[in-house]
1. Could you please state, rounded to a whole Å, how far the C-alpha centre of the stretch 73-93 is from the C-alpha centre of the stretch 8-64?
2. Label point 7 Å out from residue 140 along Cα-to-Cβ: which residues of the stretch 52-80 have amide N under 16 Å?
3. How many angstrom lie between the Cα centre of the stretch 161-177 and the Cα centre of the stretch 184-245?
4. How many nm is it between the label spots at residue 190 and residue 229, if each spot is 7 Å from the Cα in line with the beta carbon?
5. Sort the chain into rounded, prolate or oblate with this rule: let a ≥ b ≥ c be the square roots of the eigenvalues of the Cα gyration tensor; rounded if a/c is under 1.5, and if a/c is not under 1.5, prolate when a/b is larger than b/c, oblate otherwise.
6. Starting from the Cα-Cα distance between residue 214 and residue 9, subtract it from 0.36 nm times their residue separation and give me the gain in nm to one decimal.
7. For the modelled label position 7 Å from the Cα of residue 82 along Cα-to-Cβ, which residues of the stretch 111-134 have backbone nitrogen atoms closer than 13 Å?
8. Test of understanding: ordering 122, 48, 223 by Cβ neighbours within 10 Å, fewest first, what list do you get?
Ligand code: G3P
Ligand code: CA
């Protein structure tokens with residue numbers, strides 16, 4: 001557990017990048033469920049990435065899509081439903097009968113489960129333009145939970161969401177998702193008080209990671225699902241690597 005507390009920091013000479021399970025161990029279990037988070041840690045992950053939206057009654061809901069249709073037996077949008085309706089859904093059967101009865105987690109359930117075991121990366125899919133007061137709801141939820149704060153980082157493509165969070169609570173960790181060469185966003189990161197970078201790995205240039213490191217940022221590329229891609233990115237010495245198959249990263253990094 002020791003190094004998880006250091007997830008967000010750039011640590012020069014870090015021996016091994018940390019292993020992130022993307023949407024949990026989503027290659028082998030239904031994404032963004034407690035089952036996929038549990039499997040991730042069993043397969044060697046040290047951190048879990050997941051996504052959040054907000055329900056009609058302003059609860060923070062763990063799901064990738066805005067709509068229920070792909071990953072549950074429900075229909076329509078998360079924002080149209082109360083938590084009472086969402087908690088009745090089956091979020092596992094679409095993946096395999098083995099996972100029938102898996103529920104849609106709340107943010108607090110995901111943080112509680114993951115931070116006992118490692119580090120949580122929480123992607124905020126929309127800000128308060130779509131989900132009223134979402135940043136304040138997140139800050140309120142974590143306000144009396146120092147362990148959750150230490151072992152989580154909130155990530156988004158929209159830097160404004162991350163600045164809103166930081167202004168509500170300076171102790172919340174933030175990371176900027178980028179789908180272009182990430183070094184183009186160093187000025188943005190400074191302006192929006194962002195602490196780390198989460199670049200799409202395909203957009204990394206050979207010196208992107210070292211440039212971000214020189215500027216003091218930790219770097220967390222996503223999402224690697226083949227050994228060849230993972231080897232290429234590992235040679236750039238990032239601070240973490242993510243995959244839907246954390247077992248693949250574990251075997252590469254442990255030489256098994
Ligand atoms: O970790 C970043 C990555 O999750 C962004 O893409 O669509 O899987 O949420 P997506
Ligand atoms: Ca995500």
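All of the numbers you see were taken from the coordinates with simple rules; none came from a lab. Every value quoted in this text rests on a predicted model; they were computed, and no experiment measured them. Quick reminder, even Gly has a Cβ in these numbers, built from the backbone with ideal geometry, and neighbours come from all protein chains shown.
1. Computed from Cα coordinates, the inter-centre distance equals 20 Å.
2. Within reach of a label on residue 140, which here means backbone N under 16 Å from a point 7 Å along Cα→Cβ, the stretch 52-80 contributes 54-61.
3. Computed from Cα coordinates, the inter-centre distance equals 19 Å.
4. In this crude label model, residue 190 to residue 229 measures out at 3.3 nm.
5. Oblate, because a/c is 1.5 or more while a/b does not exceed b/c.
6. The residue 214-residue 9 span can extend by a further 72.5 nm.
7. Flagged as within label range: none.
8. 223, 122, 48
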